[in-house]
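Data block below; observations after.
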Amino acid sequence: MFKPKYTITNRLLSNVKQINSIVLDLNNRRFPKVVVYELERSAREISTFASTSIEGNPLPLTDVKQILKTQPQNLRSSEQEVINYNKALEGLNQKLQKGSVSFSLNLILSIHKQVVDKLVTEYQLGQLRQEPVFVNDPKTRQTAYWPPDHKDVPELMNELVEFIIDNKGIIDPLIIAGIFHKQFVIIHPFMDGNGRIARLSTKVLLADMGLNTFNLFSFENYYNRNVTNYFNNVGVLGNYYDILNSIDFTNWLEYFTDGIIDELLRVKKLLPEVSISPKTEVMPYHKQILDFIAEKGFITDRDYSKLTDRAKATRSLDFKKLIDMGLIERKGKGRATYYKLKQ
């Protein structure tokens, strides 16, 4: 049975409280859908660049953005990594928004299959490793860690997933997500893609536990700014069986929550700047429309004309802007036209 060793230090407790406070604030604020959409797209680009860069992908952020935009054919392996990671992010975000994601080993295997598609041999796709692996120090190129034997990997992964499921609602979701991330890296369950799968699966855990803003930020970005620091915190040294009983998650959990705070504060600072652009700013007269619909259920142009002295052509533009922003939708035709909040 998996029983991680860690201590709730003052720093860790303070970090958890601060994160919950920031997330609560962001979740209670409302921004135009076009703003949220742009932030989600930007977060996927940054996450894709950072998470693949951590593993040695040489493509700069500008190239990553271009690849995601143009979706070229005949991809090199570095480009395929980018396409795969972004697709996995998009697919997971869509499922999370629909509430159709259930955390399980099968989910992890399906993520792996997508992330390493066309990058590994067919028999390795979505499969736990059947061979030994070694982790080398990137500086010395000497083996620094010997993960568990492949025969023990299925049991270790099942124990980890059971720990996650059994402790939902008991242990703080941030602690659970952090423990999962490090233990996954320690187990090293796949021949390739372990880091990328760990970070994607951690995103699922965070979002699945009600932290709704996590599709707007990229904790991978924090790790990528100092990859050595990330590896030193998430990894362990030596033979797994020799160090098993001495592994302590405390320092990693402090670092893990530090990274989430850093990225959330960046997003929090960015949101007001994005929301006041001409395309996304909601003016007082737009708010009158939204407030009227919220109270009555719908609004007609005649209703709006009684709320404002704006000309008919201008009122039409007001409705169009809110439609383009994805906030309302038009119903009916001609004189029977009315507007309601978009579902």
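The values are calculated or read from the model by the stated rules, or taken from the named source; none is laboratory data. The shown structure was predicted, so the numbers you read here are calculated from the model rather than taken from an experiment. Here the Cβ positions follow ideal geometry from the backbone for every residue, glycine too, while neighbour counts run over all protein chains shown.
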The condition from (1) under 20 Å from GLY91 (Cα atoms); (2) of a type in the set (Gly, Ala, Ser); (3) at pLDDT below 90 that GLY195 misses is numbered (3)
Of those in segment 310-343 that are among the small types (Gly, Ala, Ser) and either in a helix (DSSP H, G or I) or outside the structural domain of ASP291 (by TED's automatic domain parsing) (or both), the residue nearest to the chain's Cα centre (by Cα) is SER316
Exactly one of PHE292, PHE319, PHE256 is in contact with a Leu (Cβ under 9 Å, 6 or more places away or on another chain) and modelled with pLDDT of 90 or more, and that residue is PHE256
If we keep only residues of segment 290-319 that are among the aliphatic types (A, V, I, L, M) and free of Cβ contacts under 8 Å to residues at least 40 places away in the same chain, then the residue surrounded by the fewest Cβ atoms within 10 Å (Cβ to Cβ) is ALA313
For segment 156-177 the number of residues that are within 18 Å of VAL234 (Cβ to Cβ) and of a type outside the set (Gly, Ala, Ser) is 8
Is at least one residue of segment 177-195 in contact (Cβ under 8 Å) with a residue 40 or more places away in the chain, under 27 Å from ARG76 (Cα atoms), β-branched (Val, Ile, Thr) and in the same structural domain as TRP252 (by TED's automatic domain parsing)? yes
Checked pairs for segment 70-95, first over 20 Å from SER53 (Cα atoms), second not in a helix (DSSP H, G or I), C-beta under 9 Å and 6 or more apart or across chains, list as LEU92/VAL101; GLN94/SER100; LYS95/VAL101
Among residues of segment 96-107 being in contact (Cβ under 8 Å) with a residue 40 or more places away in the chain and over 15 Å from the mean Cα position of the chain (by Cα), the residue nearest to GLU40 (Cα to Cα) is LEU107
Item to check | Hey, THR52 farther than 19 Å from ILE260 by Cβ, among the polar types (S, T, N, Q), buried (at least 19 other Cβ atoms within 10 Å of the Cβ) and in the same structural domain as THR257 (by TED's automatic domain parsing) or not | outcome: yes
When you scan segment 238-245, do you find a residue that is at pLDDT below 95 and touching a strand residue (DSSP E or B) at 6+ places or on another chain (Cβ under 8 Å), even just one?
no
Within segment 1-43, restricting to residues that are farther than 19 Å from LEU206 by Cα, modelled with pLDDT under 85 and β-branched (Val, Ile, Thr), the one that is surrounded by the fewest Cβ atoms within 10 Å (Cβ to Cβ) is VAL34
Residues of segment 141-167 being touching a helix residue (DSSP H, G or I) at 6+ places or on another chain (Cβ under 7 Å), under 17 Å from LYS3 (Cβ atoms) and not hydrophobic (A, V, I, L, M, F, W, C), in sequence order, are PRO148, ASN158, ASN167
Only one of (1) crowded, with 19+ Cβ neighbours inside 10 Å; (2) closer than 26 Å to GLN94 by Cα; (3) at pLDDT 95 or above does not apply to SER78, and that is (1)
**Request:** Looking only at segment 32-53, decide whether some residue is out of contact with any His (no Cβ under 6 Å at 6 or more places or on another chain) and not in a helix (DSSP H, G or I).
**Result:** yes
